[in-house]
1. Is it the case that TYR96 is over 21 Å from MET175 (Cα atoms), at pLDDT 95 or above and buried (at least 19 other Cβ atoms within 10 Å of the Cβ)?
2. For residues in the stretch 64-86 being touching a Lys or Arg at 6+ places or on another chain (Cβ under 7 Å) and among the small types (Gly, Ala, Ser), which is surrounded by the fewest Cβ atoms within 10 Å (Cβ to Cβ)?
3. Limited to the stretch 44-83, what total is found for residues that are of a type in the set (Lys, Arg) and more than 19 Å from TYR131 (Cβ to Cβ)?
4. List the number of the failed condition for TRP238; all other conditions in (1) outside any strand (DSSP E or B); (2) at pLDDT 95 or above; (3) closer than 15 Å to ALA137 by Cβ; (4) among the hydrophobic types (A, V, I, L, M, F, W, C) hold.
5. Kindly provide the set of residues from the stretch 183-216 that are over 27 Å from LYS154 (Cβ atoms) and of a type in the set (Asp, Glu), ordered by number.
6. Here's a check for you: in the stretch 215-232, which residue that is out of contact with any Leu (no Cβ under 8 Å at 6 or more places or on another chain) and of a type outside the set (Lys, Arg) is surrounded by the most Cβ atoms within 10 Å (Cβ to Cβ)?
7. Please enumerate the residues belonging to the stretch 161-174 that are modelled with pLDDT of 95 or more and either assigned by TED's automatic domain parsing to the domain that holds PRO109 or surrounded by fewer than 21 Cβ atoms within 10 Å (Cβ to Cβ) (or both).
8. If you check VAL189 against the conditions, is it farther than 23 Å from THR231 by Cβ, without any contact (Cβ under 8 Å) to a residue 40 or more places away in the chain and among the β-branched types (Val, Ile, Thr)?
Amino acid sequence: MRIEFARRSFALGIAASAVSVLFSTGSGPARAADFPTRPITLIVPFAAGGATDNLLRAMADLASRELGQTIVVENRPGAAGVLGANAIARAQPDGYMLSILPEPVFRLPHMQKTQFDPMNDFTYVIHLSGYALGIAARADSPWTDWQTLIADVKKRPGQVTYGSTGINGTMHLTMEEISQRLGVKFNHVPYKGESEIIAALLGGHIDLAVTAGSIAPLVQDGKARNIVLWTAKRVPRWPDTPTLLDVGLDMVANSPFGIAGPKGIPPAAVKTLHDAFKKALEHPNTVRLLDRLNQENAYLSSQDYAAFARERYDAARLQVERLGLKAQ
């Protein structure tokens, strides 16, 4: 089964009850005509300097101009990217606190008790993009391709190390699924963000880095080498780098993400936020940045994002069952 985001139209006949649970239209303290009247906080649940942080800071600046109020980006790395979800689940539903929701938000509730229920605690504002995730090594590493890497890992189980953005994140669990399918064992080293992973790779502290677009400058400068990508098709910038599909694994993992807030944000405020971020997503500066990060514009409206969230939640349950991960 593939782990992927597929852009498509959602059927008009989606059950109203399902969407109403996900896309809350409750009332809030701020009247639509007054929103926003003060700065908005947008939580990025990863360390500064990574692909998500770079993209959202650029978009926040553009959206701020549309809203007439500053959007303050706040980094809260750790806990597999769910600290933002923890925060907005308890926030006032007035539209002034938002967060990026990465894939683990839909997966962890199937594995352990969480501080949020993704099907009942959020107002989904806009879906944005997904990542060109993949595995990279230093340019001086002995692995020139996927086959040489796997052959070495089979000879030295548990000795080849890789960095990811945290336990039970998409990077980690995709590596676990790859290992399970191939019968190999890597040694996982979790970090709080891509910048830490890349520093550890260059410093020789880990052998491999699982990253998104942040590795691109190092590849371009000849300091790192892409081994395999997890995208649905080859990235135009790196046409010689195979995907997992190319090397015989029926897997795609690009960890789609969007922006949400607490359940109950007034519909007019949701529309205001949605429209501002949509314009930011379509701005030429964002288009160029997405291209540099090898990411796609994967826009979904508020209603479609809510329906997609249900889809991701159900897919995550199947992945947890497939990997045999025990609930805690």
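1. The answer is yes for TYR96.
2. Of everything passing the filter in the stretch 64-86, GLY78 is surrounded by the fewest Cβ atoms within 10 Å (Cβ to Cβ).
3. Result for the stretch 44-83: 1.
4. (2)
5. Residues satisfying the conditions are GLU194, GLU196.
6. Looking at residues that are out of contact with any Leu (no Cβ under 8 Å at 6 or more places or on another chain) and of a type outside the set (Lys, Arg), I get ILE215.
7. The one that is modelled with pLDDT of 95 or more and either assigned by TED's automatic domain parsing to the domain that holds PRO109 or surrounded by fewer than 21 Cβ atoms within 10 Å (Cβ to Cβ) (or both): THR161.
8. Taking the combined requirement at face value, the residue satisfies it.
The values are calculated or read from the model by the stated rules, or taken from the named source; none is laboratory data. A quick note: this is a predicted structure, and the numbers were derived from the prediction, not measured. Note that we place each Cβ from the backbone using ideal geometry, even for glycine, and neighbour counts take in every protein chain shown.
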